[in-house]
1. Say R0 is 45 Å: what FRET efficiency, to the nearest 0.05, do A239 and A32 get from their beta-carbon distance?
2. Please compute the net charge surrounding I147, taking Lys and Arg as +1 and Asp and Glu as -1 over other residues with Cβ under 10 Å from its Cβ.
3. With just the Cα atoms defining each centre, how far is the range 69-115 from the range 336-382? Give it in Å.
4. Given the pairs K119/K150; K90/K172; K150/K185; K172/K250; K95/K150, which are separated by over 31 angstrom at their Cα positions?
5. Could you order the peptides 20-30, 372-382, 75-85 from most to least packed, using the average number of other C-beta atoms within 10 Å per residue?
6. Can you give the FRET efficiency for D321 and Q22, using 1/(1 + (r/R0)^6), R0 = 45 Å, r = Cβ-Cβ distance, to the nearest 0.05?
7. List, in order, the whole-Hz ³J(HN,Hα) value for each residue of the range 309-319 obtained from phi through the Karplus relation with A = 6.51, B = -1.76, C = 1.60 and θ = phi - 60°; use x for Gly and Pro.
8. Between T155 and S220, what's the calculated FRET efficiency when r is the beta-carbon distance and R0 is 45 Å? Round to 0.05.
Amino acid sequence: MRIRKGYAMPDLDGALVLKWEQWYAERPDYVARMIERSRRYLYYIVVEVEERHMPSEVALLPMVESAYNPIALSTSRASGIWQFMPSTGKLYGLKQNFWFDSRRDVIAATDGALNYLEKLHGDFGDWQLALAAYNWGEGNVAKAVAINQKAGRPTDYASLKMPDETRNYLPKLQAVKNIIADPEKYGITLADIPDAPYFAVVKTSREMDVKRAAELAELSLDEFQYLNPHHNRPVIAGADEYTILLPIDKAELFAAKLDLMDQPLVSWQAYRMRNGETLQQVAAKFQMPVETLRAVNGIGARARVPAGHTLLVPAAHPTQDTVDGLSQAVFTTVPQGRTFYYRVSRGDTLARIASRYDVSAQDIRRWNGLAQDSVVAGQRLRITSELGPNAGKAKRAGGKRILSTQAKKGPAKATTRPVSAKPAPRPAPKNGGGTRSAKSTTAAGG
């Protein structure tokens, strides 16, 4: 396997590495599923890692973070194969809105994760500390380093005091690395992953049903969604241009079929709720279960939907006007989670409070009728957040060469070619910065 040739990080050994080697060896089916999922993405990520001259172990991090499950969601709301928290995902350019969540976009999230890891390596000059910071937060690692420096102790990964999850983080990665290097030693058989691109990229400006897109590509819905897990709704919409990943042997077929389609590809429409109208009434009007209406629109069981809120509902006879209406409508997410009151402490800012509860300052202003961002100590603020009143500060962070197929409107032959894109500028770190809380548990989807 190509990835073995790029190993460049110092090896770890000891009881924790043995523990995780045994853990994986006792779960060959779990390892097989993880490798099966990774085959779609691993070549692309390895190439990206190599182009940045990073150790190839970095390409194995999603096995530790999410078992390469593209829809993995942790208890602290870290999402995707790289497990970005919402706030740090936004910091690294990963958009999250009603229509899509770029933390689950394999290309965008990989770019953000590698940018963040490069930044961490620049901070600490050591890949082990960089990975510890990815898990625990650069502020926490920097503080631990400073404590050891002051006490005259070594400042390497093994010498720092850290939470159990971070202490196990690199040994777990080492165990994965060892198993991939010599699977027979652990009684595990690994499926081959071809040293070739698995997917190509199709770009289009047309809105379409996710199900319809899968049909045009002659893929099962599950396979399509494995490559395109970032779409939140049954419709690909909400942007001027859409990037769709497809198996490399399906991309030109998809683009050619799409060029020939002159009828609407969307079977959904926008519907604005009226005064006094309930979700049950809307569901009955469009002949769908209310549970489906809630699921399609991302509305929790306890969430209240105000009058005037725009819903996505089925369209019995879609026309181009239906599609245009969908493009022009403003869709917003309904606040989820608990509503509670937060008392402002001395030194608090609206931005800092918003970051702590993973909401925006604009949300807090709207909930509390504030005209500006200034707050004063002792002030009570109404907050709605999934993180709850005792949440700590959210910490997850969040030149490409890819095969691209351009789907054009009107008759045009699609071409598959390598393209380059300038990497996004890397944002400056926040105070304390870092990744999701080391106490969170990742739903890796074994």
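Taken together, the values in this text are just the output of simple stated rules run on the coordinates, not laboratory data. Every value quoted in this text rests on a predicted model; they were computed, and no experiment measured them. Here Cβ is always computed from backbone atoms with ideal geometry, including for glycine, and neighbour counts include all displayed protein chains.
1. After rounding, the FRET efficiency stands at 0.80.
2. Residues close to I147 contribute a combined charge of +4.
3. 24 Å
4. With Cα atoms farther than 31 Å apart: K150/K185; K172/K250; K95/K150.
5. The densest-packed peptide leads the list: 75-85, 20-30, 372-382.
6. 0.15
7. Karplus values, whole Hz, x for Gly and Pro: 5, 8, 10, 9, 9, x, 10, 5, 9, x, 10.
8. Working from the Cβ atoms, E equals 0.35.
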